[in-house]
1. Whether any residue in segment 262-284 is among the small types (Gly, Ala, Ser) and in contact with a helix residue (DSSP H, G or I) (Cβ under 8 Å, 6 or more places away or on another chain) is what I want to check.
2. Going by the structure shown, is ASP147 acidic (Asp, Glu), assigned to a helix (DSSP H, G or I) and at pLDDT 95 or above?
3. List every residue pair whose Cβ atoms lie under 6 Å apart, where the two residues are 6 or more positions apart in sequence or sit on different chains, the first residue falls within segment 282-297 and is touching a residue at least 24 places away in the same chain (Cβ under 8 Å), and the second residue, located anywhere, is assigned to a helix (DSSP H, G or I).
4. If you check every pair at least six apart or on different chains, which have Cβ atoms under 6 Å apart with a residue in segment 221-250 that is free of Cβ contacts under 8 Å to residues at least 40 places away in the same chain first and a residue that is of a type in the set (Gly, Ala, Ser) second?
5. For GLU127, work out the one condition from (1) surrounded by fewer than 16 Cβ atoms within 10 Å (Cβ to Cβ); (2) in contact with a Gly (Cβ under 8 Å, 6 or more places away or on another chain); (3) charged (D, E, K, R) it doesn't fulfil.
6. Inside segment 194-208, can you point out the residues that are aliphatic (A, V, I, L, M), open to solvent by less than 70 Å² (accessible area, probe 1.4 Å) and either touching a residue at least 40 places away in the same chain (Cβ under 8 Å) or part of a helix (DSSP H, G or I) (or both)?
7. Looking at segment 178-193 only, could you name the residues that are in contact with a Leu (Cβ under 8 Å, 6 or more places away or on another chain) and either open to solvent by 70 Å² or more (accessible area, probe 1.4 Å) or on the phi > 0 side of the Ramachandran plot (or both)?
8. Residues of segment 30-45 being aliphatic (A, V, I, L, M) and open to solvent by 10 Å² or more (accessible area, probe 1.4 Å), which ones?
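The values are calculated or read from the model by the stated rules, or taken from the named source; none is laboratory data. Just so you know, these numbers come straight off a predicted model, no measurement behind them. Using ideal geometry, Cβ is built from the backbone for each residue, glycine included, and neighbour counts are taken over all protein chains shown. Protein only, heavy atoms only, side chains kept; ligands, DNA and RNA dropped before computing areas. Shrake-Rupley method; radii C 1.70, N 1.55, O 1.52, S 1.80 Å.
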Amino acid sequence: MDVDSQAPDPALFLEDLTRTGGLTRADGLWFEDCGLIILAEKTIFRVSRDYLAAHSPIFKDMLALPAPRDRDMMFGLPFVSLFDSADDVTVFLKALMFPDFFEPHPAPTSLAVLTAVLRMSHKYDVESLRKRALIHLSSQFPTQLHDYDSLASEKDPLWIAELKDVDGPGFHSLTALARSLSIVWILPIAFYRVCAFSSEEDILTVDHTLNDKVNIVIACRTLEGAAVTNMLDFLWPSPVGGCSTPSECSASKFAMRRHMESIRNRPFSRAPTMPLNLWRMSDWEGLPVCTACLESMKAKHEEAKQEHWDSIPEMFELPSWTELEKLKAEALN
């Protein structure tokens, strides 16, 4: 009994593998007292059909079909042939059966485990696993500015570090997966990070629609250009009411503005600094201005950050933050 029209013909595939000895039993997922065998690529799993049926409506319906014909038997037991990768099936079954394999956020997990759980829990409608994976994912792609700001003081989880690694799959791989699974609320910040960590070649070759690719490329240019200029407007030496040292404050602002502008001149190998990450809290400490100017600058900077944050979804032709938060709440609650 097949769950994918592209899955190999069970009889022919098993005959060939039996002849060549190409079948491998899944390590840790072969239980002698269980009555269902799953075939994925060249790996076979022996698990409980009742356990799968209890957690997955898809497996429940599939296993409720009439008893299989002889050709759908293996070692005298019924089996199902899946078109999923053996790695994905391994992660999926371990996440289902072993509580400490894929624990809730903020427990650590790898990118391979997280993405496999997302794919498989979506495909086989395992709501508990899907929600757990979405919470992990959403924790690093917030829909509110204050949550984004708080990430700066936290250590990156393993799976985010893997995405940032120059030899890793890159954020563009995650945005493609999120699009395919309709996890839309993470896309503004996920696309934002694509602009920071992915090359144009990566963007143009990833499995996105042409419209997404165009929006990302245009946004990347905006984020390194006009958006940075607007974010740094608070450093212009404009008059501030109540300033006690106008000349000194103007000189300090101008010097800092020149320094921040120089950050744009980066080698191609270094990722650009995104507008929201351009000015750090510690930078205020190195700015010798009077109290009145400092308060005015902080207010202007916060206003510019919020304005920029509000514009991010529109850059990528996505719904507003309000609509995205509704989608997120529906999925997680």
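1. Scanning segment 262-284, I find at least one residue that is among the small types (Gly, Ala, Ser) and in contact with a helix residue (DSSP H, G or I) (Cβ under 8 Å, 6 or more places away or on another chain), so the answer is yes.
2. Against the criterion (acidic (Asp, Glu), assigned to a helix (DSSP H, G or I) and at pLDDT 95 or above), ASP147 qualifies.
3. Within 6 Å, the pairs are LEU287/MET256; PRO288/SER252; VAL289/CYS249; VAL289/SER252; CYS290/CYS249; CYS293/CYS249; MET297/PHE234.
4. Pairs that qualify, where the first residue is free of Cβ contacts under 8 Å to residues at least 40 places away in the same chain and the partner is of a type in the set (Gly, Ala, Ser), are PRO237/SER250.
5. If we test GLU127 against (1) surrounded by fewer than 16 Cβ atoms within 10 Å (Cβ to Cβ); (2) in contact with a Gly (Cβ under 8 Å, 6 or more places away or on another chain); (3) charged (D, E, K, R), just (2) comes out false.
6. Listed by number, the residues that qualify are VAL194, ALA196, ILE203.
7. If the condition is that a residue be in contact with a Leu (Cβ under 8 Å, 6 or more places away or on another chain) and either open to solvent by 70 Å² or more (accessible area, probe 1.4 Å) or on the phi > 0 side of the Ramachandran plot (or both), then ARG179 is the only one that fits.
8. none
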